[in-house]
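I have placed the structure first, in the form of structure tokens, so that the comments after it can refer back to it.
What follows is calculated from the coordinates using simple rules that are stated; it is not laboratory data. Computed from a predicted model, the values in this text were never measured in an experiment. When we count neighbours, we look across all protein chains shown, and the Cβ atoms used for this are built from the backbone with ideal geometry, even at glycine.
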Amino acid sequence: MAEVLVYVDHVDGAVRKPTLELLTLARRIGEPVAVHLGPNAEEAAKVLAEHGAVKVLAADAPEFTEYLVAPKVDALQAAYDAVSPAAVLLPSSAEGKEIGARLAVRIGSGIITDAVDLEAGDEGPVATQSVFAASYTTKSRVSKGTPVITVKPNSAAPEAAPAAGTVEPLAVTVADSSKGTKIVSRTPRESTGRPELTEAAIVVSGGRGVNGAENFPVIEALADSLGAAVGASRAAVDAGWYPHTNQVGQTGKSVSPQLYIAAGISGAIQHRAGMQTSKTIVAINKDAEAPIFDLVDYGVVGDLFDVVPALTDEVKSRKG
Ligand SMILES: Cc1cc2nc3c(=O)[nH]c(=O)nc-3n(C[C@H](O)[C@H](O)[C@H](O)COP(=O)(O)OP(=O)(O)OC[C@H]3O[C@@H](n4cnc5c(N)ncnc54)[C@H](O)[C@@H]3O)c2cc1C
């Protein structure tokens, strides 16, 4: 069976969920071979093997952290040369897309970014994308070279499928031309303790209806009761009530959680563009005519300051 390279996104060996989703999708088109760059490959290999990685190609080098993405592209290209895969899959993060695009240029291949599904096809893998503010769904395949495909988080539910996951060292030579941009400092972002917005299974978002930064704790309390991430509409972000990193929509982040709860958000097309592929959508809005209600699975017509705290209390009481 053809091998499929899967680029591993991890934090010090702790594999992030989008990689497990990639392994699940990779199994539809071949045998997943994971590429782990950085420390703790043995630790990561256990999780990667549980999710179907037949092999884990591992390399660590100071250049991976000292420079921007180019040394990692050298490593992924070394894996590509070693394996001659049927496809290369990466997570659709900013870094994943840049690494994928650079690899595609180097190996003379086509690239598809932001896929939301993947299936085997007679002439190579077929990727589904949600385009033009999610008003169209397209299916495409790469027609030149080895397909390089980046896949959005939450596009598949990770499934266990134990495989060998044998760790093999990957020999990497970092080219001088890959050392053009050095990282000079790093400032860790203060952790909110909440899941990453684009990866969260549940997102609770607030809009202009929240009516002030001082009221966002109402949204955060519901999010925390559900173990969810917090999102915001652009109106709320532009008003300075919540950080831009939490904006959902065309000019913010795209999310595709199992559950999306929109409170005080009207449902403008630009907001929908970032959330309408969510599996279940719930809206709370005091205007029964708000366009968001055209989109929802469940709608509550009411004041969010009554509904959201009541919902939070109910969730907490059911959790005991
Ligand atoms: C190029 C471009 C890019 C854009 N990108 C984005 C983007 O990425 N993301 C984004 O979100 N927008 C984006 N926008 C803006 C978008 O068009 C809307 O202006 C924005 O989404 C509106 O945010 P909102 O729904 O919070 O506010 P509004 O449209 O003002 O809606 C507020 C809603 O809250 C309800 N409400 C008020 N008080 C309460 C209450 N107490 N309880 C319950 N409901 C209440 C109201 O009935 C109303 O429906 C973009 C626009 C442009 C032109």
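Mind checking the range 82-152 for GluC sites (Glu not before Pro) that DSSP puts in a loop (not H, G, I, E or B) and that have at most 16 other Cβ atoms within 10 Å?
On the way: sites: Glu95, Glu98, Glu119, Glu123; in loops: Glu123.
When the GluC sites (Glu not before Pro) of the range 82-152 are filtered for loop state and at most 16 Cβ neighbours within 10 Å, Glu123 remain.
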What is the fewest-to-most order of Leu259, Leu311 by other Cβ atoms lying within 10 Å of their Cβ?
Leu259, Leu311
Of Ser143, Val6, Gly121, farthest towards positive along the dipole that unit charges on Lys, Arg, Asp, Glu beta carbons give the chain:
Ser143
Order of Asp9, Asp176, Asp297, Asp117 from fewest to most other C-beta atoms within 10 Å?
Asp176, Asp297, Asp117, Asp9
Write down the Å³ per residue value for the convex hull defined by the alpha carbon atoms of the range 165-246.
175 Å³
Based on other C-beta atoms within 10 Å, arrange Val230, Val6 from fewest to most.
Val230, Val6
Compactness ratio of the range 197-319: Cα Rg over 2.2 N^0.38 Å, N = residue count?
0.92
Between the range 205-246 and the range 50-70, what is the C-alpha centre distance in whole Å?
35 Å
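Before rounding to the nearest 500, sum -39500 (n - 2.57) across all DSSP H runs of length at least 4 in the chain and divide by the residue total; then give [θ] at 222 nm in deg cm²/dmol. Could you put the intermediate results ahead of the total?
On the way: 9 runs with 88 residues, N = 320.
Theoretical 222 nm ellipticity from helices: -8000 deg cm²/dmol.
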Candidates per trypsin sites (Lys or Arg not before Pro) in the range 143-214, loop by DSSP, up to 15 other Cβ within 10 Å:
Lys144, Arg186, Arg189
Would you please state the base-10 log of I(q)/I(0) at q = 0.07, 0.14, 0.16 1/Å for the chain, with intensities from the Debye formula using one equal scatterer on every alpha carbon?
-0.31, -1.07, -1.25
